[in-house]
Amino acid sequence: MSTECPGCGRQTSTDERFCGACGTRLASSDEETTDAFDPVEEVPHGEDRERFPVECGLFVVESGPKAGARYGLEAAVTTIGRHGGADILLDDVTVSRHHVEVERTGDRYLVRDVGSLNGTYLNGRRIESCEIHDGDEVQIGRFKLVFFHGTAG
């Protein structure tokens with residue numbers, strides 16, 4: 001059985017994951033797919049902060065396929081990765097299935113790399129585990145997420 005590559009139109013086998021001619025990733029019927037988001041030019045952070053209470057942390061995706069997306073960090077532990085069960089799903093090959101955990105203790109947040117292949121970066125520095133503060137930038141694969149602490153200013 002074959003299918004057509006969406007990148008170049010070449011007929012490919014249904015068991016191939018990438019097109020041999022152009023390298024385009026081929027989705028199989030049993031794979032999970034996610035919506036694509038158009039990047040936004042500027043993220044209005046003041047409005048983002050007002051959407052969540054002062055005691056709640058917030059990630060705003062600055063760059064990457066989900067630029068502009070916002071995620072509240074209300075749970076005691078928030079998982080981030082490419083796995084379908086992750087609390088924050090970042091569906092890109094540069095992100096490990098289980099990439100990062102964000103642990104919340106009171107009003108403090110700790111970001112911890114959980115054995116990712118490409119690493120986790122805080123303000124441009126590779127980290128294993130580190131407390132994050134208002135305005136910090138966490139890079140996970142191609143995604144750059146800015147951390148905000150509710151309405152803190």
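The values are calculated or read from the model by the stated rules, or taken from the named source; none is laboratory data. Quick caveat: nothing in here was measured; it's all calculated off a predicted structure. Here the Cβ positions follow ideal geometry from the backbone for every residue, glycine too, while neighbour counts run over all protein chains shown. The accessibility values were calculated without ligands, DNA or RNA, using every heavy atom of the protein model including side chains. Shrake-Rupley method; radii C 1.70, N 1.55, O 1.52, S 1.80 Å.
Where in the stretch 57-74 does the amide nitrogen come within less than 19 Å of the point 7 Å from the Cα of Glu103, taken along Cα to Cβ? Under 19 Å, as judged by backbone N against the label point of Glu103, lie 57-58, 73-74 of the stretch 57-74. Take the Cα of Leu110, step 7 Å toward its Cβ, do the same at Arg17, and the gap between the two points is 3.3 nm.
The Cβ shell under 15 Å around Asn123 holds other residues with a net charge of -4, Lys and Arg each +1, Asp and Glu each -1. Expressed as a whole percent, the accessible area of the stretch 50-118 that falls on carbon and sulfur atoms is 48 (1.4 Å probe).
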